[in-house]
Amino acid sequence: MLAYKAFGSEINLEALVTACPNLEFWTTRVNPNSRLSLHPLKSASTRNKLGMLEPDLSEPELEPELVDVVLVPGLLFDHFGTRLGHGAGFYDRLLPKLRSNVVLIGVTHDALLLEISLPREVLDVPMTQIVTESGLIICEYQP
């Protein structure tokens, strides 16, 4: 499962990781070429220039096509699965490299899940589901 190390107001996933010791968790690292690479979550102990914890480049790398489930942070989501991120496009470049049947779960607070639709750009990959403190929502499809 691809997860993330919480940054800023993002929901912290440490309790989930602790509660699921038999799952193998991976996380991302921002590389100099602005590509996200995937590494073991437990190795995320180095702060990058933005202050986010990420793995060292020497850690083993996972091929994106081996990922089954992705927990994706965001600033805002809508019920159609559209995500507003921080604007750097890291997930926009990573998500298309995953298998077409990967489960994409946006993780956010109830207050950041909008009833109105966000604008979706051509490169935006919609989430299949959203999880908030109130539960799991299956995203409505909107082409």
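Every number in this text was worked out from the coordinates using simple rules, so none of it is lab data. Please read all numbers here as calculations on a predicted model, not as lab measurements. Cβ atoms come from the backbone with ideal geometry, glycine included; neighbour counts cover every protein chain shown.
List of remarks:
- Global geometry of segment 35-91, whether rounded, prolate or oblate, following the gyration tensor of its Cα atoms and the 1.5 cut on a/c: oblate
- Proportion of all alpha-carbon pairs of the chain beyond 21 Å (%): 40 percent
- Length-normalised contact order of segment 14-138 in % [C-alpha pairs under 8 Å, at least 6 apart]: 21 percent
- Neighbour-limited loop hits for chymotrypsin sites (Phe, Trp or Tyr not before Pro), segment 43-143 (at most 10 other Cβ within 10 Å; DSSP other than H, G, I, E, B): Tyr141
- Structure-based [θ]222 nm, the chain - -39500 (n - 2.57) summed over DSSP H runs of at least 4, per residue, nearest 500: -1500 deg cm²/dmol
- Where trypsin sites (Lys or Arg not before Pro) fall in DSSP loop in segment 41-110, at most 12 other Cβ within 10 Å: Lys49, Arg99
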